[in-house]
Structure formats: structure tokens, C-alpha cells
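The values are calculated or read from the model by the stated rules, or taken from the named source; none is laboratory data. Bear in mind the structure is a predicted one, so any value in this text is a computation, not a measurement. Please note: Cβ atoms are built from the backbone with ideal geometry, for glycine as well, and neighbour counts cover all protein chains shown. The accessibility values were calculated without ligands, DNA or RNA, using every heavy atom of the protein model including side chains. Shrake-Rupley method; radii C 1.70, N 1.55, O 1.52, S 1.80 Å.
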Amino acid sequence: MCSRPAGALLMAALAAWVPAAAQEAPPSPATATAPAAGRLEMAVGQGDYILGAEDLLDIQVVGVEALSRTVRVSEAGDITLPLLGEVRVAGLSRSAVERDLASRLEERYVHDPQVSVFVKEYGSRIVSVLGAVRKPGRYPMVGRRTLLDMVSDAGGLTEEAAPHAIITRRPAGSGSAPRTLRVDLQALLYGGRAEMNPEIDQGDLIHVPVDLPVRVYVHGAVRDPGELETRLSRPLTVLQAVTKAGGPTERAALRKVELLRRNDDGSQQVIPVDLKAVLRGGAEDPVLADGDVVVVPETYF
């Protein structure tokens, strides 16, 4: 093993990589070690992150600025460095890459090198969080992350968020179809069911749907006719809509209520509803869709 950090062999090997200006004015120990120490401290917070393709790495060799540089991991999982050429890093932890680079440098060029690897961009472990979150976008997944962790990174849920989230995962293998998992956010957030908080994998897409507004209309013999608004996750039935409209008047013909619904082809469907039978439990109480109209006629007898 050679111990010649400033020897002729090291300088000759670096000549093809380092501009002349850098060779003429080598950094002083103070200016070389201070930035590297800062990066080492920051790297501690990155844990045992496993490197992958497209990660952007800041590699520092204390006292040898010419060997320090920022490199991106190739699709093949390699980086290219002065003196060392191509080095495989994908699938290794930061600390393992630090040890490997130090060993390679010490073997031929630098005595007891201090190497730090800091991940500047997490290009390989990205999760997309979309929909009804405050900051939708792509987020790095450092360490083990759960659904709630990623939603929190995206700023949390908006007021329009649906009570569920959908996780789409592309399994390994080019011919495999994506898998989806629906998670009940209400049970997770308010029911304390931690088992419903799945771990997230790199490449997952998390979608929190917007709980779309549903508008229905109640006309006729009710005390407060007009438009009612609810959400897709909390649909109203005919009886509930009549109740929210102030309830029927004394002249309401509850046996002859009609539900008017517009079909996809533009035609109108008329669905008779016997609310008295519904109240007795002897008939179905139809669930209303967006745009439905409930008509409560008056009786004259």
C-alpha cells in the first residue's frame, strides 16, 4: 500500500481530470476540511439510505479537493470518479460506498482518506403524492415510510379530501400489471387502526381523491325547498333530502313522491318513491346522485 497523498503518482494521475488552475492553487487545509465536515454532519441525518440510479451524490475527500465532486448515478448504477473510473454504487448504502471509495483510494493513492457521500437529490426513491393534499408532487423516500408519513410530507389533507386513499404500485417485472390498494383514511386517522397504515415502496403513486360535491334539489310540499349540497362520500337518500329540506308540509302526499333523474343519453327517468312505506321499513330509500330532483306533491283530499 502506498502512502503518498501529495506524491508524483497522485498528481500525475489527476492531471487528466483536474484543470491546471486547480493544480496551481491547491486548497489550504482550513478551506478543504470545513465544507467536508459540514457535509459529513448532514449525511448523518440521511441514515442508511440505499443508493440507486439517478441519485445525485456529493462526494468529498477531506484535504484533496481535486478528488471531490458531484456525480449522478447512471442508469446502470455506476458513478465515474478521478483515478477510480467507474464504481458500482447502486444497491449499496451511503456508508458502504464511503468505505469502498476510501479503500480504493488508500490502496494506490491516498493515506487514510476521509470520504463522505451526501445525497443531494433522491432520484431513485421517489414517491408521487397527488390529489387532495396541500402540496402535491414527487417526494424522496428516505428510510421506511408509511402512507401517513408521505401524506404528511405533502402538507396533509385538504378539506375536500375523500375519506380514502389509493396506492398504485408497479411490481417488479415488465409484464406485471400495476396493483392498487384502497386505504380507509377515516379508520386510520380517527379509529386508531395502525395496521391500516401500509408501508410505501419506491415508485408508488399515492392518490387522495377529491370528495366531489353532489347537488340535489327538493321541490313541492316541503318547508324549505331548494338546492341541497353534500359530498360524494356522504350521499343523501330521498328521505334524508326531504328531512334536510325542512320536512314535509301537512299537505304532502308522501306516497306519491317522485325522483327525477337525468340519464346519460339526456332522457329523464321518473322513479316513484313511497315515503310512508320507507318510514315503515317496507320500501327501499333510493340514494340520490348529483343533479337528482325530488318532487313531493300535495294532496287535496
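Points worth noting:
- Qualifying residue in the stretch 30-37 (condition: buried (at least 19 other Cβ atoms within 10 Å of the Cβ), at pLDDT 85 or above and of a type outside the set (Lys, Arg)): no
- Checking ASP292, ASP224, ASP274, ASP285 one by one, the residue that is acidic (Asp, Glu), within 44 Å of the chain's Cα centre (by Cα) and more than 27 Å from GLN186 (Cβ to Cβ) is ASP224 and no other.
- Checked against the criterion of being surrounded by fewer than 19 Cβ atoms within 10 Å (Cβ to Cβ) and assigned to a strand (DSSP E or B), the stretch 186-200 contains one or more residues that satisfy it.
- Look at the stretch 107-136: where a residue is closer than 13 Å to ILE59 by Cβ and a partner is among the aromatic types (Phe, Trp, Tyr) and not in a strand (DSSP E or B), sitting 6+ places away or on another chain with Cβ atoms under 7 Å, you get VAL119/TYR49.
- Scope the stretch 201-214; condition hydrophobic (A, V, I, L, M, F, W, C) and either part of a strand (DSSP E or B) or surrounded by 15 or more Cβ atoms within 10 Å (Cβ to Cβ) (or both); matching residues: LEU205, ILE206, VAL208, VAL210, VAL214
- Residues satisfying the stated conditions in the stretch 275-288, i.e. among the small types (Gly, Ala, Ser) and open to solvent by less than 40 Å² (accessible area, probe 1.4 Å): ALA277
- Condition check for PRO272: without any contact (Cβ under 8 Å) to a residue 40 or more places away in the chain and open to solvent by 40 Å² or more (accessible area, probe 1.4 Å): yes
- Among the residues of the stretch 133-169, those identified as assigned to a loop (DSSP other than H, G, I, E, B) and over 14 Å from the mean Cα position of the chain (by Cα) are GLY143, THR158, GLU159, GLU160, ALA162, PRO163.
- Checking SER116, SER152 one by one, the residue that is of a type in the set (Gly, Ala, Ser) and closer than 30 Å to ARG234 by Cβ is SER152 and no other.
- Note on the stretch 154-172: residues that are closer than 25 Å to ILE50 by Cα and open to solvent by 50 Å² or more (accessible area, probe 1.4 Å) total 3.
- Residues located in the stretch 95-106, provided they are free of Cβ contacts under 8 Å to residues at least 40 places away in the same chain and of a type in the set (Gly, Ala, Ser): ALA96, ALA102, SER103
- Only one of the numbered conditions (1) open to solvent by less than 40 Å² (accessible area, probe 1.4 Å); (2) in contact with a Lys or Arg (Cβ under 8 Å, 6 or more places away or on another chain) is violated by SER176, and that is (1).
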